[in-house]
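Throughout, read-outs are computed from the coordinates displayed, never taken from laboratory work. Keep in mind it's a predicted model, so treat the numbers as computed, not measured. Glycine also receives a Cβ, built like all others from the backbone with ideal geometry; neighbour counts cover every protein chain displayed.
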Amino acid sequence: MKNEHFAFARWAALIVPVCAALSGCMSSTPIWDAHFGQALKAVTQAQIIDPHAAEHAQSAQGMDGKSAASAMDTYDKSFQQPVPSPNAFVIGVGSGSGGGAGGQ
């Protein structure tokens, strides 16, 4: 029974200092937590050339509302029904618009 006590004491003598040393590595990060997200905000603000551009910029001259809405509708419809492409295996055969050297 004495040998078991000595073995336990040896393990305890090794484990306690290791746990104490590792407890310094497990501290909380209050400084990092207080500044969480500031790097993202700083980079985002650095990419904006003029943050008050909407306040002093005049509106651009362009189309009226009906024309712009019609253009957007036409643009959207162009993606809903794409133009069918001809057969990819028949390239330039029988199109009749060849630029051959027919003496012209």
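Structure notes:
- A simple spin-label model places pseudo-atoms 7 Å from Cα toward Cβ; at Asn3 and Ala69 they are separated by 9.5 nm.
- Set of aspartates and glutamates with alpha-carbon distance to Lys41 below 18 Å, sequence-local pairs under 8 removed: Asp33, Asp50
- Cross-link partners of Lys66 among lysines (Cα-Cα below 28 Å; sequence separation of 8 or more within a chain): Lys77
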